[in-house]
Amino acid sequence: MAARVSPSWRAGCRRLLSPITKRTAVTQAGEKREGDISDAFASLSGMEFKPLDPRFADVKARLVAGNEEALHASWNRLLASLRDEIPLIRKQGSSIIPEIDYKNVDKASPEFRAEHRKRGVAVIRNVVDDEEVLSWKQELRDYIMANPHTKAFPPENPQVYELYWSPAQIKARSNPNLIRAQRFLMEFWHSKDSNALISSSHPTAYADRLRMRLPGDARFALGPHVDGGSCERWEPEGYGKGEVYESIWKGNWEQYDPWESSCRLPVTSDLYQGVGACSMFRMFQGWMAMSSTGPYEGTLLVNPLLSRATAYFLLRPFFTPKIAADETTTESYPETYLAPENWSLDLSASNSWLQGATPGHGQELRHHLHPHLDLPSTMVHMPRVQPGDYVSWHCDTIHAVDSVHAGSQDSSVLYIPSCPLTVQNAEYLARQRARFLEGTPSPDFGGGKGESQHLGRPGVEDVVSVDPNDGMRAFGFKAWNSAEAGLSRGQKGVMEEANRILGF
Ligand SMILES: [Fe+2]
């Protein structure tokens with residue numbers, strides 16, 4: 001079923017508050033300040049989308065210098081492709097999201113593989129038994145009850161808890177089935193360089209938060225966005241370090257491969273110390289469902305256009321409409337407005353817009369800023385999930401959260417991305433491991449006491465009891481086995497380097 005974009009998303013982004021009032025900052029100790037999830041996005045922070053510092057006009061011009069004609073032709077082909085693809089999504093709605101049962105991950109059908117590659121999103125059913133997951137949820141409630149000082153957003157009616165080390169999270173992250181599901185998903189990625197220091201087959205744990213959204217909630221309304229930075233995707237010192245989007249800048253969007261991993265290794269996705277920015281390379285974001293939750297019940301929406309959507313939001317800042325349209329519409333824009341003839345390449349010094357990008361915040365998308373994506377009909381709900389299902393979306397996927405939870409039960413998930421073993425991830429793992437032992441928030445999420453004083457907080461023994469091998473390795477508590485059969489040079493190399501970083 002297709003979702004309608006809530007007018008509140010747009011209202012939020014038009015609020016006029018100075019960006020200065022909510023600028024993210026690093027503390028004197030070089031550590032990110034404490035924050036909650038509202039700090040991660042400009043619109044949740046009450047900021048306005050507007051043209052950026054004039055230097056971004058220069059960044060854009062340099063990016064495509066010498067390829068202007070090819071870029072324009074590529075843009076026109078992209079618009080034609082979007083016109084072909086969007087009706088399929090309108091027609092199929094949520095059923096366009098590929099699904100697979102956990103028991104079949106070793107024999108995934110060619111259809112699932114092809115659709116997953118194209119869409120970038122998936123539901124893996126029955127990864128963990130539903131009764132087990134419901135018992136985790138009860139333990140979580142007990143943990144929160146025993147520790148009433150637990151921080152959450154919004155504080156007056158908690159929906160997203162600032163918890164990283166609760167018993168449920170520890171059990172889920174070290175669960176062998178979940179680790180196997182993560183490996184299955186990450187093996188859709190490939191490295192063009194067999195010496196690149198990365199292994200998609202060896203998942204690492206990233207300690208993120210959890211959501212227990214209650215019926216009626218309208219505060220945790222995250223509009224369409226992409227995590228992993230915003231301006232950084234255009235900047236030479238950001239994603240430019242790995243030339244991740246080079247074929248798009250060269251005017252060849254069809255050549256862009258969202259599944260090539262080695263180009264992501266040198267990337268800096270957080271040039272502005274944004275609160276909530278992720279320092280690990282996540283191939284997929286994801287969550288484990290802890291409730292039966294369907295569309296409009298406080299769940300996730302995704303845009304299943306993956307490579308086309310990425311190419312579009314990256315190219316959009318280079319083009320300006322000749323004749324404007326009514327920006328307030330929630331309907332599809334008229335053909336005359338969307339037509340390629342109405343859009344001209346604009347590399348002028350005054351065009352410093354990176355639509356939806358704000359330094360220090362995630363990339364946001366809006367119908368009026370990204371009209372060709374037709375977000376009101378291409379943001380599709382996750383199909384109904386049950387406790388124990390795992391949902392994943394590629395790190396460049398546009399996603400959103402229901403603006404209102406119109407269901408009658410809690411909509412609860414544990415945020416657990418799928419992260420490969422890389423040198424950078426091992427370095428983060430070493431820092432995160434120390435935080436786990438002291439009970440303070442994972443390094444990306446600011447300082448503060450966190451759960452250090454919480455009653456009933458798990459320790460290493462709880463990881464051991466779930467999975468003494470891959471679970472312990474995912475947390476950084478056990479050495480990787482670089483003598484494992486069948487490893488590439490890069491896999492072996494990254495294991496050795498990770499072991500050195502982790503002190504083994
Ligand atoms: Fe997100």
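I need a count of the residues in the stretch 417-427 that are β-branched (Val, Ile, Thr) and either closer than 17 Å to Leu178 by Cβ or without any contact (Cβ under 8 Å) to a residue 24 or more places away in the chain (or both).
Final tally of qualifying residues: 0.
Which number in (1) touching a strand residue (DSSP E or B) at 6+ places or on another chain (Cβ under 7 Å); (2) assigned to a loop (DSSP other than H, G, I, E, B); (3) within 16 Å of the ligand (Cβ to nearest atom) marks the one condition that Leu414 misses?
(2)
I'd like the full set of residues that are more than 10 Å from the ligand (Cβ to nearest atom) and on the phi > 0 side of the Ramachandran plot, limited to the stretch 215-230.
Listed by number, the residues that qualify are Gly216, Gly229.
Suppose we filter Ala434, Ala357, Ala430 for residues that are hydrophobic (A, V, I, L, M, F, W, C), in contact (Cβ under 8 Å) with a residue 24 or more places away in the chain and not in a loop (DSSP other than H, G, I, E, B); which single one remains?
Ala430
What is the number of the single condition among (1) more than 30 Å from Pro443 (Cβ to Cβ); (2) open to solvent by less than 10 Å² (accessible area, probe 1.4 Å) that Tyr102 does not meet?
(2)
Could you list, ordered by first residue, the pairs with Cβ atoms under 8 Å in which the first is in the stretch 270-294 and under 18 Å from Thr397 (Cβ atoms) and without any contact (Cβ under 8 Å) to a residue 40 or more places away in the chain and the second is away from the ligand (no atom under 14 Å from the Cβ) and open to solvent by less than 10 Å² (accessible area, probe 1.4 Å), at least 6 apart or interchain?
Pairs found: none.
Inside the stretch 331-345, can you point out the residues that are open to solvent by 50 Å² or more (accessible area, probe 1.4 Å) and hydroxyl-bearing (Ser, Thr, Tyr)?
Result: Ser332, Thr336.
Among the candidates Arg83, Arg125, Arg141, single out the residue that is open to solvent by 10 Å² or more (accessible area, probe 1.4 Å) and either within 18 Å of Met382 (Cβ to Cβ) or in contact with a Cys (Cβ under 9 Å, 6 or more places away or on another chain) (or both).
Unique residue meeting the criteria: Arg125.
Can Pro359 be described as under 20 Å from the mean Cα position of the chain (by Cα), at pLDDT below 95 and more than 16 Å from the ligand (Cβ to nearest atom)?
Yes; evaluated as a whole, the condition is true for this residue.
Filter the stretch 185-223 down to the residues that are closer than 28 Å to Ser412 by Cα, in a loop (DSSP other than H, G, I, E, B) and of a type in the set (Ser, Thr, Tyr) and list them by number.
Tyr206
Residues checked against (1) within 16 Å of the ligand (Cβ to nearest atom); (2) assigned to a loop (DSSP other than H, G, I, E, B):
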position: Trp287; (1), (2): yes, no
position: Ser307; (1), (2): no, no
position: Thr310; (1), (2): yes, no
position: Glu331; (1), (2): no, yes
position: Tyr337; (1), (2): no, no
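Suppose we filter the stretch 360-409 for residues that are within 28 Å of Tyr333 (Cα to Cα) and in a strand (DSSP E or B); how many remain?
Qualifying residue count for the region: 10.
Just to be sure before I move on: is Ser344 assigned to a strand (DSSP E or B) and free of Cβ contacts under 8 Å to residues at least 60 places away in the same chain in the structure I sent?
In short, yes.
Out of the residues in the stretch 473-491 that are open to solvent by 20 Å² or more (accessible area, probe 1.4 Å) and touching a residue at least 40 places away in the same chain (Cβ under 8 Å), which is nearest to Asn175 (Cα to Cα)?
That would be Arg473.
Taking the stretch 363-381, which residues are crowded, with 24+ Cβ neighbours inside 10 Å and more than 21 Å from Phe319 (Cα to Cα)?
Thr378, Met379, Val380, listed by residue number.
So Ala221 passes all but one of these: (1) aliphatic (A, V, I, L, M); (2) touching a strand residue (DSSP E or B) at 6+ places or on another chain (Cβ under 9 Å); (3) under 30 Å from Lys492 (Cβ atoms); (4) open to solvent by 10 Å² or more (accessible area, probe 1.4 Å). Which condition number does it fail?
Single failed check for Ala221: (3).
Would you mention how many residues in the stretch 451-472 are open to solvent by less than 30 Å² (accessible area, probe 1.4 Å) and either without any contact (Cβ under 8 Å) to a residue 24 or more places away in the chain or outside any helix (DSSP H, G or I) (or both)?
Number of matching residues: 5.
Can you name every residue in the stretch 312-329 that is open to solvent by less than 30 Å² (accessible area, probe 1.4 Å), closer than 22 Å to Ser74 by Cα and outside any helix (DSSP H, G or I)?
Within the stretch 312-329, just Phe319 meets the criteria.
Results for (1) aromatic (Phe, Trp, Tyr); (2) touching a Pro at 6+ places or on another chain (Cβ under 8 Å); (3) closer than 30 Å to Ser261 by Cβ; (4) open to solvent by less than 10 Å² (accessible area, probe 1.4 Å), shown as yes or no for each residue.
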position: Arg384; (1), (2), (3), (4): no, yes, no, no
position: Pro387; (1), (2), (3), (4): no, no, no, no
position: Val391; (1), (2), (3), (4): no, no, yes, yes
position: His394; (1), (2), (3), (4): no, yes, yes, yes
position: Ile398; (1), (2), (3), (4): no, yes, yes, yes
position: Ser408; (1), (2), (3), (4): no, yes, no, no
position: Pro420; (1), (2), (3), (4): no, yes, yes, yes
position: Phe436; (1), (2), (3), (4): yes, no, yes, yes
position: Lys449; (1), (2), (3), (4): no, no, no, no
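Pick out the one residue from Gly294, Gly240 that is away from the ligand (no atom under 16 Å from the Cβ), crowded, with 19+ Cβ neighbours inside 10 Å, of a type outside the set (Ser, Thr, Tyr) and more than 14 Å from the chain's Cα centre (by Cα).
Just one listed residue meets the conditions, Gly240.
Among all residue pairs at least 6 apart or on different chains, which show Cβ distances below 6 Å where the first residue, located in the stretch 207-227, is farther than 11 Å from Ile398 by Cβ and the second is within 11 Å of the ligand (Cβ to nearest atom) and open to solvent by less than 20 Å² (accessible area, probe 1.4 Å)?
Cβ pairs passing all conditions: Leu222/Ala400; Leu222/Val401.
Looking for something at pLDDT below 95 and not basic (Lys, Arg) - is there at least one such residue anywhere in the stretch 387-401?
Within the stretch 387-401, one or more residues are at pLDDT below 95 and not basic (Lys, Arg).
Taking Val267, is it open to solvent by less than 30 Å² (accessible area, probe 1.4 Å), of a type outside the set (Ser, Thr, Tyr) and free of Cβ contacts under 8 Å to residues at least 40 places away in the same chain?
Taking the combined requirement at face value, the residue satisfies it.
The values are calculated or read from the model by the stated rules, or taken from the named source; none is laboratory data. Keep in mind it's a predicted model, so treat the numbers as computed, not measured. Every residue, glycine as well, gets a Cβ built from its backbone with ideal geometry; the counts of neighbours run over all protein chains shown. The area values use the complete protein model at the heavy-atom level, side chains included, leaving out ligands, DNA and RNA. Shrake-Rupley method; radii C 1.70, N 1.55, O 1.52, S 1.80 Å.
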